[in-house]
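A.B. asks: Next up is a structure, given as structure tokens.
Here, each number is a calculation from the coordinates, and none is a lab measurement. All values reported here derive from a predicted model rather than from experimental measurement. A quick note on method: Cβ atoms are made from the backbone with ideal geometry, for glycine too, and the neighbour counts reach across all protein chains shown.
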Amino acid sequence: MATQKHFLHDKTALLLVSGLTFLTIIATVLILLKLGGSQQSGSYIVAYRASLGIDRYTTGTLTDMISFIVAAVLICGVSITIAYRTYAIRRELSITVLSLTAPLLLFLIFVSNALLVLQ
């Protein structure tokens, strides 16, 4: 009879969880460094709308940029929670959830960096 593996004993799952945590910390630090090093304190470019023509850049405040940090933490937390709960049902599903979260965090890092460079 095979022994039941636990989520915290699976090396692949722990490797993916630590990678997601690392990406979340990188996203947080990069955003905070860009916000702290900016000379402009009032408005930031938070969206690009190609269909608007001249007014294609939408400005926002500091809290709009902080929402990228909140999003990174929520994405990481929710994916780890879902992976932990689905591990008992199907290991592959849990690993897939963790694997698909990494590109999502990378996209968040790229988009936030692109918007902060535009200011």
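A.B. asks: Relative contact order of the chain, please, whole-number percent, based on alpha carbon pairs below 8 angstrom and at least 6 residues apart.
C.D. replies: 35
A.B. asks: Normalise the Debye intensity by I(0) for the stretch 69-119, one equal point scatterer per Cα, no solvent, then take log10 at q = 0.21, 0.23, 0.28 Å⁻¹ and round to two decimals.
C.D. replies: Rounded to two decimals, the profile gives -0.71, -0.79, -0.98.
A.B. asks: Give me the three principal axis extents of the chain from the C-alpha atoms, as integers in angstrom, largest value leading.
C.D. replies: 67, 31, 17
A.B. asks: Rounded to the nearest 0.05, what FRET efficiency is calculated for T81 and V29 with R0 set to 30 Å and r the Cβ-Cβ distance?
C.D. replies: 0.85
A.B. asks: I would also like to ask the following. Compute, for the chain, the length of the dipole vector about the Cα centre, with Cβ point charges of +1 (Lys, Arg) and -1 (Asp, Glu) only. Units Debye, rounded to 20.
C.D. replies: Dipole magnitude for the chain comes out near 280 debye.
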